[in-house]
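What follows is a set of notes on a single structure, which appears directly below.
The values are calculated or read from the model by the stated rules, or taken from the named source; none is laboratory data. Please read all numbers here as calculations on a predicted model, not as lab measurements. Glycine also receives a Cβ, built like all others from the backbone with ideal geometry; neighbour counts cover every protein chain displayed. Just the protein is used for accessible areas: all its heavy atoms, side chains included, with ligands, DNA and RNA removed. Shrake-Rupley method; radii C 1.70, N 1.55, O 1.52, S 1.80 Å.
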Amino acid sequence: QEYSPRAEEKTAAVLDEIKTTLDALRSGHDKLGRIQQVFTETMRAGATAQADVAKTKAAFDIDKQEGYNIKFKDKIEQKAALEAKIKAIHPQLLQRFNDIKREIKQKKALCSKPVNKYSSSGFCGGCGHEVKNQVNAKITEHGIAECPNCRCLLYTE
């Protein structure tokens with residue numbers, strides 16, 4: 001083939017274009033590598049941050065529960081003591097108490113409170129009915145009796 005200056009110029013121009021494209025590709029590859037590195041570091045930092053948030057939340061929840069326990073310690077202890085007292089009450093007596101409360105709510109009871117004081121003069125503290133003979137023996141024996149009139153529970157101090 002014959003030498004042509006024009007062909008040489010075209011070849012040089014194509015080679016320059018290839019070099020420029022190759023440089024651009026190398027530069028893009030380098031930038032892509034840096035972007036991937038930054039992305040990986042960001043993902044690691046995000047995972048670390050999420051773990052830190054989870055640890056902080058767990059610590060906060062523990063502190064919150066401990067604060068709640070400290071703040072309401074007296075109430076929690078009172079509740080436990082009351083629950084223990086309720087368990088110590090005879091089940092039939094507790095059932096009768098709850099029945100009277102329900103009757104009062106439904107306005108079927110003559111008394112306004114399920115438990116009333118029995119006066120030493122022999123009168124029911126709920127309805128005022130004289131019950132001395134009927135309940136004296138029961139109150140003396142058990143410390144509690146039921147008023148035959150209003151059916152509330154009577155106690156003495």
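Axis angle, to the nearest 10 degrees, between helix 132-142 and the longest C-alpha principal axis of the chain: 50 degrees.
Could you tell me the convex hull volume per residue, in Å³, taken over the Cα atoms of the stretch 10-157?
Measuring per residue, one finds 205 Å³ for the Cα hull of the stretch 10-157.
Only sites in a loop by DSSP and with at most 12 other Cβ atoms within 10 Å count here; which chymotrypsin sites (Phe, Trp or Tyr not before Pro) in the stretch 43-74 make the cut? Numbers along the way, then the final one.
Details: sites: F60, Y68, F72; in loops: F72.
Here the chymotrypsin sites (Phe, Trp or Tyr not before Pro) that fit, given the DSSP loop and packing criteria, are F72.
With all protein chains present, how much of the accessible area of the chain (probe radius 1.4 Å) comes from carbon and sulfur, to the nearest whole percent? Present the calculation step by step, with values, prior to reporting the outcome.
Numbers: 7410 of 13000 Å².
With neighbouring chains kept in place, the figure for the chain is 57 percent.
A simple count of charges around Y118, restricted to other residues whose Cβ falls under 15 Å of its Cβ and scoring Lys, Arg +1 and Asp, Glu -1, yields +1.
Using a probe of 1.4 angstrom and keeping all protein chains present, the accessible surface of the chain works out to 83 square angstrom per residue. Using only Cα atoms, tell me the angle between helix 91-105 and the longest principal axis of the chain; keep it within 0 to 90° and round to the nearest 10. For helix 91-105, the angle is close to 90 degrees.
With a cut-off of at most 11 other beta carbons within 10 Å, and DSSP calling the residue loop, which GluC sites (Glu not before Pro) in the stretch 58-120 qualify? Please list them. Each step should come with its number before you reach the end.
Numbers: sites: E66, E77, E83, E103; in loops: none.
In loop regions of the stretch 58-120 (DSSP not H, G, I, E or B), there are no sparsely surrounded GluC sites (Glu not before Pro).
Size descriptors for the stretch 1-93 (Cα atoms only): Rg and Dmax, in that order, 38.1, 124 Å.
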